[in-house]
Amino acid sequence: MNTASRPPASPLKVCIVVPCYNEEGVLDHTTTVLLGELNAMAGAGLCTADSFLCLVDDGSRDRTWADIERLAQGEARILGLKLSANFGHQNALIAGLFSQRGRADVLVTIDADLQDDVNVISEMVRLHHQGKRIVYGVREDRNVDPLGKRIAARVFYAMMKRMNDRAIKGHADFRSADAGVIADLERFNEANIYLRGVFPLIGYESALVRYVRKDRHAGESKYSYRKLMSLAWQGITSFTTTPLKLVLYLGALMFVISGCIGLWIVWGLATGTAVQGWASTVMVIMLFSSMNMVSLGIIGEYIGKIYKEVKQRPRYIIDRTTQQPHG
Ligand code: UDP
Ligand code: MG
């Protein structure tokens with residue numbers, strides 16, 4: 001028997017947080033699978049028998065909350081949490097994590113569609129038994145995503161890596177962390193939170209587990225391209241000020257180019273071949289005004305973020321919960 005499969009000293013209480021936005025019809029299967037996983041882990045002495053699921057309804061407009069209430073009624077290990085509105089995936093995750101961190105040793109986050117491999121959860125918990133504080137689920141390939149999304153993800157992660165060297169390639173929001181780490185996470189008080197970027201900043205001893213990402217089991221992706229683009233933009237602008245620096249470089253480059261154009265015009269005047277310059281004038285004006293607009297847009301984005309942070313609005317509001325699980 002190798003060390004990895006040795007039964008741990010004392011089982012950990014695990015809470016699996018599942019953000020749910022318009023996931024009606026998906027949750028019966030999801031909870032069955034996840035409870036099965038908890039049973040298996042409890043059987044192996046990895047987690048306690050009262051380990052539980054926390055289903056966070058992120059202001060769904062369909063019957064998701066009714067589904068959650070029904071599921072919670074028949075099973076003490078399911079806790080439902082209803083947010084008062086749609087706060088977004090990241091905020092739904094922190095609502096679950098922050099509200100449950102006092103009730104569990106290890107908190108796992110996984111999407112409701114179970115595209116991530118649930119078998120990996122036991123590996124995560126095992127790693128916590130070995131002293132790891134954060135375990136990142138890393139997908140091996142993105143073959144199931146449409147080509148456009150795959151290319152976009154490639155480009156995005158390559159860019160992120162350049163700008164933030166702690167970014168973990170292929171990691172989304174499938175991870176586990178112990179309650180102490182979540183307490184530390186609570187001190188990251190930013191309104192524009194981007195968890196996959198923030199966790200690596202927390203530090204501690206961490207580990208990666210690899211898995212192959214599957215097709216969405218049922219329902220449709222809640223991430224339209226628009227939402228995906230917005231998440232990527234969030235990732236960039238809440239992590240680095242590199243775009244601002246790029247604007248500066250671009251400005252410097254444009255300055256050199258305009259200098260060259262200026263020399264060319266002076267040379268034209270000197271040799272008497274000038275006057276025809278209407279096109280070049282318009283071109284220069286357009287180039288500069290567009291550059292100004294891009295720069296202002298990027299700066300505006302950061303100012304918008306500052307504005308949001310300054311207000312210190314709550315990131316989520318819990319409307320109601322189902323019966324608390326025992327313990
Ligand atoms: N989600 C959420 N709030 C939102 C959008 C999505 O809580 O505003 C949840 C959704 O229910 C799912 C997870 O976030 O559990 C990831 O969404 P999805 O599977 O649609 O994203 P994809 O896998 O396509 O990137
Ligand atoms: Mg999904």
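The values are calculated or read from the model by the stated rules, or taken from the named source; none is laboratory data. Keep in mind it's a predicted model, so treat the numbers as computed, not measured. Cβ: placed from backbone, ideal geometry, glycine included. Neighbour counts: every protein chain shown. These accessible areas exclude ligands, DNA and RNA; they are computed on the full protein's heavy atoms, side chains included. Shrake-Rupley method; radii C 1.70, N 1.55, O 1.52, S 1.80 Å.
A compact table of results
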quantity	calculated
Subset of the range 83-92 (residues that are assigned to a helix (DSSP H, G or I) and surrounded by 24 or more Cβ atoms within 10 Å (Cβ to Cβ))	Ala92
Residue in the range 66-77 that is among the basic types (Lys, Arg), at pLDDT 95 or above and within 13 Å of Pro19 (Cα to Cα) present	no
Filter result for the condition that a residue is more than 16 Å from ligand 2 (Cβ to nearest atom), among the acidic types (Asp, Glu) and within 30 Å of Arg154 (Cβ to Cβ), over Glu75, Glu69, Glu123, Glu37	Glu123
Boolean, Arg196 is open to solvent by 10 Å² or more (accessible area, probe 1.4 Å), at pLDDT 85 or above and under 25 Å from Asp67 (Cβ atoms)	no
Residue check for Leu55: within 16 Å of ligand 1 (Cβ to nearest atom), under 26 Å from Val209 (Cα atoms) and open to solvent by less than 40 Å² (accessible area, probe 1.4 Å)	yes
Any pair with Cβ under 8 angstrom, 6 or more apart, that starts in the range 105-131 at a residue that is within 21 Å of Tyr21 (Cβ to Cβ) and ends at one that is more than 13 Å from ligand 1 (Cβ to nearest atom) and in a loop (DSSP other than H, G, I, E, B)	Ile110/Val118
Counted residues, the range 207-220 - those being modelled with pLDDT under 75 and either small (Gly, Ala, Ser) or away from ligand 2 (no atom under 11 Å from the Cβ) (or both)	2
Selection count, the range 24-52, where residues are farther than 25 Å from Ile182 by Cα, open to solvent by 10 Å² or more (accessible area, probe 1.4 Å) and in a loop (DSSP other than H, G, I, E, B)	3
Any pair with Cβ under 9 angstrom, 6 or more apart, that starts in the range 222-234 at a residue that is polar (S, T, N, Q) and ends at one that is within 11 Å of ligand 1 (Cβ to nearest atom)	Gln234/Gln90
Test: residue in the range 133-154 that is out of contact with any helix residue (DSSP H, G or I) (no Cβ under 9 Å at 6 or more places or on another chain), open to solvent by less than 10 Å² (accessible area, probe 1.4 Å) and among the charged types (D, E, K, R)	no
Test: Ala66 is surrounded by fewer than 19 Cβ atoms within 10 Å (Cβ to Cβ) and assigned to a helix (DSSP H, G or I)	yes
Residue that is of a type in the set (Gly, Ala, Ser), closer than 17 Å to Gly197 by Cβ and away from ligand 1 (no atom under 15 Å from the Cβ), where the choices are Ala172, Ala158, Ala153, Ala179	Ala158
Residue match in the range 256-264 (condition: away from ligand 2 (no atom under 16 Å from the Cβ), touching a residue at least 24 places away in the same chain (Cβ under 8 Å) and in contact with a Ser or Thr (Cβ under 6 Å, 6 or more places away or on another chain))	no
Count of the range 106-119 residues which are on the phi < 0 side of the Ramachandran plot, out of contact with any Asp or Glu (no Cβ under 6 Å at 6 or more places or on another chain) and either open to solvent by 10 Å² or more (accessible area, probe 1.4 Å) or not hydrophobic (A, V, I, L, M, F, W, C) (or both)	6
Any chance Glu69 is within 27 Å of the chain's Cα centre (by Cα), charged (D, E, K, R) and over 20 Å from Ile318 (Cβ atoms)	no
